[in-house]
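Structure first, commentary second.
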Amino acid sequence: METPQNPAEEAAAEPAAETAPTGIAASDWAEASADPRYRAAVVDLLGALAYGELAAFERLAEDAKLAPGISDKAALARMASAEFQHFEQLTGRLRQIDEDPTEAMAPFAAPLDEFHRLTAPSDWLEGLVKAYVGDAIAADFYREVASRLDSDTRALVLRALDDSGHASFAVEKVRAAIEAEPRVGGRLALWARRLMGEALSQAQRVVADRDALSTMLVGGVADGFDLAEIGRMFSRITEAHTKRMAALGLSA
């Protein structure tokens with residue numbers, strides 16, 4: 001008998017609206033990178049993603065210390081390993097296009113470190129919600145951007161955004177905790193709202209500080225985006241967040 005889709009997988013599988021590729025999105029890297037502005041935007045994007053994966057690896061390793069049992073520690077270790085493999089793929093691509101990974105990541109280290117400092121979980125459950133909700137918000141943003149990338153870079157970015165097991169693991173553990181102690185749900189809902197606010201603020205600051213990325217988003221490099229579409233993009237991200245909260249059994 002066919003089983004229904006896991007609510008975590010359903011909530012996480014919210015792609016950007018698909019249209020037939022045009023312009024840069026219909027090109028490969030060799031063609032698209034002839035535009036130096038586009039190349040600079042992609043280097044920024046890969047640098048931001050790579051540092052995000054490295055930070056996620058470090059965070060999951062730390063969160064494993066809060067795990068209540070050996071099996072949970074092992075699960076987080078596997079997720080951390082997957083994040084590091086994504087990091088290796090992204091930095092490998094930067095070297096392949098003759099860019100220094102450390103230099104590409106450097107502009108994003110401080111804002112991402114600040115985000116993680118401001119959203120350090122106080123316990124195991126907060127760590128799970130952060131891994132599920134916080135990482136998913138960032139992934140939604142990068143998937144939106146990926147729809148306007150050249151075919152080679154788009155494929156790499158989407159591989160790096162593959163779920164490493166956070167979603168189903170977090171949903172199972174958080175829902176079980178809420179069922180065992182319903183009042184936990186209120187605290188975690190407030191925590192998830194804080195994560196949403198901090199994640200969106202951090203994304204906006206990073207884009208505002210990087211001319212190449214902001215130009216890409218408003219359509220100056222990767223065609224198809226305009227200011228109205230930016231608003232729709234953030235509406236889609238917010239809607240996906242609401243669905244993920246429901247999958248956790250929390251109110252948005």
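Tabulated data
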{"quantity": "Selection count, segment 62-106, where residues are buried (at least 17 other Cβ atoms within 10 Å of the Cβ), in a helix (DSSP H, G or I) and more than 16 Å from the chain's Cα centre (by Cα)", "calculated": "11"}
{"quantity": "Hits in segment 124-136 - residues which are modelled with pLDDT of 90 or more and acidic (Asp, Glu)", "calculated": "Glu126"}
{"quantity": "Segment 107-116 - residue that is under 27 Å from Trp191 (Cα atoms) and either in contact (Cβ under 8 Å) with a residue 24 or more places away in the chain or in a loop (DSSP other than H, G, I, E, B) (or both) and, of those, least open to solvent (accessible area, probe 1.4 Å)", "calculated": "Phe108"}
{"quantity": "Residue satisfying condition, being within 29 Å of Ala67 (Cα to Cα), surrounded by fewer than 22 Cβ atoms within 10 Å (Cβ to Cβ) and at pLDDT below 90, within set Asp211, Asp163", "calculated": "Asp163"}
{"quantity": "Count of residues meeting criterion [at negative phi and part of a loop (DSSP other than H, G, I, E, B)] in segment 162-213", "calculated": "7"}
{"quantity": "Qualifying residue in segment 125-132 (condition: open to solvent by 60 Å² or more (accessible area, probe 1.4 Å) and touching a His at 6+ places or on another chain (Cβ under 8 Å))", "calculated": "no"}
{"quantity": "Identity of the residue in segment 180-195, open to solvent by 20 Å² or more (accessible area, probe 1.4 Å) and touching a residue at least 12 places away in the same chain (Cβ under 8 Å), that ends up farthest from Thr119 (Cα to Cα)", "calculated": "Arg193"}
{"quantity": "Number of the exception - Ala139 against (1) closer than 24 Å to Gly47 by Cβ; (2) modelled with pLDDT under 90; (3) open to solvent by 40 Å² or more (accessible area, probe 1.4 Å); (4) assigned to a helix (DSSP H, G or I)", "calculated": "(3)"}
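The values are calculated or read from the model by the stated rules, or taken from the named source; none is laboratory data. The structure presented is a predicted model; accordingly, all values stated were derived computationally and were not measured. Here the Cβ is made from the backbone with ideal geometry for all residues, glycine too, and neighbour counts use every protein chain on show. Protein only, heavy atoms only, side chains kept; ligands, DNA and RNA dropped before computing areas. Shrake-Rupley method; radii C 1.70, N 1.55, O 1.52, S 1.80 Å.
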